[in-house]
1. Under a Cβ-Cβ cut-off of 13 Å, what is the net charge of the residues other than Val238 that fall near it, where Lys and Arg count +1 and Asp and Glu count -1?
2. Going by the alpha-carbon gyration tensor, a ≥ b ≥ c the square roots of its eigenvalues, is the range 292-403 rounded (a/c under 1.5) or, if a/c is not under 1.5, prolate (a/b greater than b/c) versus oblate?
3. May I ask for the distance between the Cα centers of the range 196-236 and the range 331-360, given as a whole number of Å?
4. Charges only on Cβ, +1 for Lys and Arg, -1 for Asp and Glu: so what's the dipole of the range 287-334 about the Cα centre, in debye to the nearest 20?
5. How would you order 178-189, 382-393 from highest to lowest mean count of nearby Cβ atoms within 10 Å?
6. With a/c under 1.5 counting as rounded, go ahead and sort the range 180-335 into rounded, prolate or oblate using the C-alpha gyration tensor (a ≥ b ≥ c being the square roots of the eigenvalues; past the cut-off, prolate if a/b is larger than b/c, else oblate).
7. Can you give the net charge of the other residues whose Cβ lies under 13 Å from the Cβ of Leu205, counting K and R as +1 and D and E as -1?
8. What dipole magnitude, in Debye to the nearest 20, does the range 177-241 give about its Cα centre under +1 on Lys/Arg Cβ and -1 on Asp/Glu Cβ?
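Each reported figure results from applying straightforward, stated rules to the coordinates on display, with no laboratory input. Since the model is a prediction, treat every value here as computed from it, not as a measurement. Ideal geometry is used to build each Cβ from the backbone, glycine not excepted, and the neighbour counts take in all protein chains shown.
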Amino acid sequence: MYLHTEAASAGAPSRDVLLVSAIITVSLSVTIVLCGICQWCQRKLGKRYKTSLETVGTPDSSRGRSEKKTIKLPAGGKAVNTAPVPGQPPHDESDRKTEPRSSVSDLVNSLTSEMLMLSPGSEDDEGHDGISRENLGRIQFSVGYNFQESTLTVKIMKAQELPAKDFSGTSDPFVKIYLLPDKKHKLETKVKRKNLNPHWNETFLFEGFPYEKVVQRVLYLQVLDYDRFSRNDPIGEVSIPLNKVDLTQMQTFWKDLKPCSDGSGSRGELLLSLCYNPSANSIVVNIIKARNLKAMDIGGTSDPYVKVWLMYKDKRVEKKKTVVMKRCLNPVFNESFAFDIPTERLRETTIVITVMDKDRLSRNDVIGKIYLSWKSGPGEVKHWKDMIARPRQAVAQWHQLKA
């Protein structure tokens with residue numbers, strides 16, 4: 001009995017040791033398995049991360065080559081000689097393989113850019129067609145001061161490359177001359193009909209101006225397109241502080257025209273549809289609605305209505321107009337007008353749409369215009385062509401109003 005008890009007590013520690021050993025063995029096994037899983041995950045995640053970096057890096061590197069190539073060969077610039085130079089190692093084979101691909105990508109990019117520029121209603125159009133990048137032409141003039149007679153002399157010589165403001169593809173330019181900040185007293189040149197490179201050669205005198213006051217003024221020239229039936233369209237402007245000019249003798253300047261301050265800013269948009277019926281020889285113009293119209297009244301609103309003119313070979317044929325919407329900058333019109341247009345006259349036809357602000361006490365103001373024809377702007381031409389391509393269907397499109 002005594003021997004049995006002692007044997008039992010001696011075997012108890014061995015079971016505990018076995019149990020502890022088993023626990024340690026299981027723990028080590030689990031740890032080894034977990035470590036293996038972690039390494040596997042790291043390899044997988046690392047591979048994916050590397051792949052994603054390589055995928056993202058590819059367009060950047062190809063775009064970098066395109067930009068570098070464009071910079072090397074600017075328009076009218078000096079071509080870079082790419083022939084091997086004696087004593088230098090030849091180009092790597094991989095470089096030669098990427099050159100044709102880069103040329104093709106350049107071509108595709110250029111075509112894509114042209115397609116975006118021709119795309120109507122695109123927000124990018126406003127960026128490309130933005131005022132800061134628009135070519136408004138330039139003007140030549142001269143300035144001088146006669147100290148004996150206290151007279152400032154301004155001579156307007158000529159302008160070049162003026163933009164076309166009329167639907168006929170030309171302009172009727174003239175120049176207004178101010179001495180800012182005075183805008184009440186102005187002088188004007190004659191109107192040069194249908195001329196984008198006019199020559200005026202007209203001299204203007206500001207008499208009785210002391211030199212001390214002259215140097216405090218700013219010479220401001222504004223080029224406009226004359227319109228007999230509505231408000232003149234601004235083309236561009238030039239301003240030059242006279243305190244920065246040597247007035248002791250006549251100084252001649254060439255200045256690029258900038259957007260007119262009174263003609264800048266958004267004038268709003270107009271949604272309209274065109275429907276061409278070749279069998280009936282007619283076009284239906286539906287004036288749907290406008291949005292974000294420019295406020296023309298003192299109260300910060302407008303009373304808009306729309307005039308629709310049918311033009312044929314620069315001559316007005318027929319006019320129609322919508323009702324006036326009182327105090328509204330987002331009016332809804334939903335008015336349709338039908339015009340008879342024979343098919344043979346379609347190419348010489350222009351539809352001029354003018355959004356007006358009704359004024360009971362004075363002359364109505366022009367908010368903005370749209371010219372629809374074969375020879376208008378990219379968005380207008382696209383709308384016109386869509387109308388021809390889809391006969392008997394109303395083709396709707398938003399148009400940005402222009403000055």
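1. Values: positive: Arg138, Lys176, Lys255, Lys258; negative: Glu237, Asp256.
Within the 13 Å Cβ shell, the charges total +2.
2. Values: a/c = 2.14, a/b = 1.84, b/c = 1.16.
Because a/c hits 1.5 or more and a/b exceeds b/c, the range 292-403 counts as prolate.
3. Result: 34 Å between the Cα centres.
4. Details: 12 positive and 4 negative charges, 36 e Å.
Using only the charged Cβ atoms, the result is roughly 180 debye.
5. Ranked from most to least packed, the peptides come out as 382-393, 178-189.
6. Numbers: a/c = 3.35, a/b = 2.00, b/c = 1.67.
Since a/c reaches 1.5 and a/b is larger than b/c, the shape of the range 180-335 is classed as prolate.
7. Working: positive: Lys155; negative: Glu149, Glu202, Glu207.
Net local charge, Leu205 excluded: -2.
8. On the way: 11 positive and 9 negative charges, 45 e Å.
The dipole of the range 177-241 has a size of about 220 debye.
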